[in-house]
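First the structure, in the form of structure tokens, and then the observations on it.
The values are calculated or read from the model by the stated rules, or taken from the named source; none is laboratory data. Bear in mind that the values here come from a model prediction, so they are computed numbers and not experimental data. With ideal geometry, Cβ positions are generated from the backbone for all residues, glycine too; neighbour counts draw on all protein chains shown. Side chains are part of the model used for accessible areas, which takes the heavy atoms of the whole protein and leaves out ligands, DNA and RNA. Shrake-Rupley method; radii C 1.70, N 1.55, O 1.52, S 1.80 Å.
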Amino acid sequence: LAKTTQPISMDSYEGQEVNITCSHNNIATNDYITWYQQFPSQGPRFIIQGYKTKVTNEVASLFIPADRKSSTLSLPRVSLSDTAVYYCRYNFNKFYFGSGTKLNVKP
Amino acid sequence: EAGVAQSPRYKIIEKRQSVAFWCNPISGHATLYWYQQILGQGPKLLIQFQNNGVVDDSQLPKDRFSAERLKGVDSTLKIQPAKLEDSAVYLCASSFQVDSGNTIYFGEGSWLTVV
């Protein structure tokens with residue numbers, strides 16, 4: 001069963017940059033890598049998606065090395081409101097979301 | 001643009017009773033998904049529709065769960081009879097199409113507690 005591997009939890013302080021890395025060794029050639037954010041009592045929310053190298057939008061950056069077996073979500077200058085669970089997934093394994101990374105931002 | 005709508009938001013039932021959840025996807029989205037999320041875990045896909053046809057329901061416990069999307073828009077997920085382990089959030093999601101690069105958009109979820 002193809003899986004993603006992420007740290008279970010991370011702590012950070014307001015204003016810091018946070019990098020969350022996900023391993024996806026079985027990614028297929030045509031798969032995109034997508035990251036989602038989930039707050040308690042809400043459904044997951046799309047953050048960013050990429051195929052290779054670097055993608056940046058207004059909330060995050062996504063770094064994907066040439067072999068595409070991992071990806072790193074970068075959140076610049078986090079705030080308390082960024083406390084959430086972050087999931088990476090690739091679309092080949094549509095069943096699997098993994099347990100995500102619980103990010104706790106402290107004041 | 002309106003998001004994915006789900007109802008009811010919360011439901012408490014006794015075991016062996018039945019429950020139904022409704023979902024209205026984003027307008028124009030052909031693909032609709034139902035996920036189950038147990039507390040502390042990531043979402044698990046139960047069933048995927050493309051228009052009014054089932055693309056994949058291999059993870060759906062068919063002895064008690066059923067889902068339909070008769071007109072290719074709204075969908076209903078039913079559980080009958082419910083078990084204690086069905087307590088979870090049921091998330092509906094939709095995407096424009098099935099391709100790998102398409103983003104899935106989730107609703108707020110329907111919280112089910114079976115007592």
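Quick check on the range A:61-104: of everything there that is away from every other protein chain (no Cβ under 14 Å) and within 18 Å of B:ILE104 (Cβ to Cβ), which residue is farthest from the chain's Cα centre (by Cα)? Ranking the qualifying residues of the range A:61-104, first place goes to A:SER71. When A:LYS102 is tested against the conditions (1) closer than 21 Å to B:GLU108 by Cα; (2) part of a loop (DSSP other than H, G, I, E, B); (3) open to solvent by 80 Å² or more (accessible area, probe 1.4 Å), the lone failure is (2). Restricting attention to the range B:4-35, the residues that are open to solvent by 50 Å² or more (accessible area, probe 1.4 Å) and modelled with pLDDT under 95 add up to 2.
If the condition is being open to solvent by 70 Å² or more (accessible area, probe 1.4 Å) and assigned to a strand (DSSP E or B), then the range B:57-77 contributes only B:GLU68. When restricted to residues that are under 26 Å from B:LEU91 (Cα atoms) and open to solvent by less than 30 Å² (accessible area, probe 1.4 Å), the range A:76-90 contains 6. With respect to the conditions (1) in a loop (DSSP other than H, G, I, E, B); (2) under 22 Å from A:THR4 (Cα atoms), B:GLN48 lacks only one, and its number is (1). Entry remark, the range B:36-51: residues being facing another protein chain (nearest Cβ under 8 Å) and buried (at least 20 other Cβ atoms within 10 Å of the Cβ) number 4 in total. Against the criterion of being surrounded by fewer than 20 Cβ atoms within 10 Å (Cβ to Cβ), in a loop (DSSP other than H, G, I, E, B) and at pLDDT 95 or above, A:GLN16 qualifies.
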